[in-house]
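Student: Dumping the structure here so I can ask a few things about it.
The values are calculated or read from the model by the stated rules, or taken from the named source; none is laboratory data. None of the values given here were measured: they were computed from a predicted structure. In this analysis, Cβ positions are derived from the backbone assuming ideal geometry, glycine residues included, and neighbour counts consider all displayed protein chains.
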Amino acid sequence: MSNPYQEALGRTLIERSFRERIVLVGVTLDGHDDRETQESLDELALLIDTAGADEVARITQRRDAPDPTYYIGKGKAEELRELCLQVDSDTVVFDNELSPAQQFNLEKLLGRTAIDRTAVILDIFAQNAHTQEGKAQVELALLKYRLPRLRRGVAGAMSQQGGGIGTRGPGETKLEVDRRRIQDKIAKLTKDLAHCRARDASSPRVAIAPVSAA
């Protein structure tokens, strides 16, 4: 059975049971040029491949500043929606960092997952973490990324119920419960990692004498 923070991690990651079809989005902001944007998208495409997905299309826009609602303009966002339908994409990945509100608005408009470069990099780290400490570091980063992106479900999440042991307090919504549990997990991981670092710092280091040639 999954728990709230495992569900949060899962929704952040690129699906790995099949190779997702990805549309890349790049925005050339003031002070940068189109060549830089394309080179950065080329790099993002390699990251996407490493994460186990395929680029099927890309779209770019020049802007003085990010749009607060969609990062790209409303017209370009609608163009992106049409492109996603044409190429039958699963996910949209922005080369630029999205705010939680922008991500929510994009997913609502596009009808599919929208993430950014940070999420792709975290996904790759998650796939390649092998030690307990490494896995904990990745899980902590993913939880911090996902926490502000938690949203109410379509049904039931807004309902308030009475308290129960280990469940909801008086008047808590499901969203609040999930957020509290993730915050508790973040606190525990932070504490555990601090202990690991302190232990490693206090461990004696064995010096290896240099071997001279005969």
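Student: Taking V120 and the conditions (1) hydrophobic (A, V, I, L, M, F, W, C); (2) surrounded by 14 or more Cβ atoms within 10 Å (Cβ to Cβ); (3) at pLDDT below 90; (4) assigned to a helix (DSSP H, G or I), which numbered condition does it fall short on, given that it satisfies the others?
Tutor: All conditions are met except number (3).
Student: Of all the residues that make up region 66-104, how many are within 18 Å of the chain's Cα centre (by Cα) and among the β-branched types (V, I, T)?
Tutor: Summing the residues that are within 18 Å of the chain's Cα centre (by Cα) and among the β-branched types (V, I, T) in region 66-104 gives 3.
Student: Name the residue that is surrounded by the most Cβ atoms within 10 Å (Cβ to Cβ), counting only residues in region 141-165 that are of a type in the set (G, A, S) and modelled with pLDDT under 85.
Tutor: Out of the qualifying residues, it is A157.
Student: Between a residue in region 37-56 that is touching a residue at least 12 places away in the same chain (Cβ under 8 Å) and any residue that is assigned to a strand (DSSP E or B) and among the small types (G, A, S), which pairs come within a Cβ distance under 6 Å, given they are 6 or more apart or on different chains?
Tutor: Matching pairs, first to second residue: T37/G26; L41/G26.
Student: Name the residues in region 123-140 that are within 26 Å of L175 (Cα to Cα) and either surrounded by fewer than 17 Cβ atoms within 10 Å (Cβ to Cβ) or of a type in the set (K, R) (or both), would you?
Tutor: K135, Q137
Here's the yes/no breakdown for (1) modelled with pLDDT under 95; (2) out of contact with any His (no Cβ under 7 Å at 6 or more places or on another chain); (3) surrounded by fewer than 15 Cβ atoms within 10 Å (Cβ to Cβ):
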| position | (1), (2), (3) |
| --- | --- |
| L9 | yes, yes, no |
| I22 | no, yes, no |
| L41 | no, yes, no |
| K74 | no, yes, yes |
| D88 | no, yes, yes |
| P100 | yes, yes, yes |
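Student: Considering only region 134-146, I want to know if a residue exists there that is hydrophobic (A, V, I, L, M, F, W, C) and assigned by TED's automatic domain parsing to the domain that holds E15.
Tutor: No, region 134-146 contains no residue that is hydrophobic (A, V, I, L, M, F, W, C) and assigned by TED's automatic domain parsing to the domain that holds E15.
Student: For E55, indicate whether it is surrounded by fewer than 16 Cβ atoms within 10 Å (Cβ to Cβ) and assigned by TED's automatic domain parsing to the domain that holds D116.
Tutor: Answer is no for this residue.
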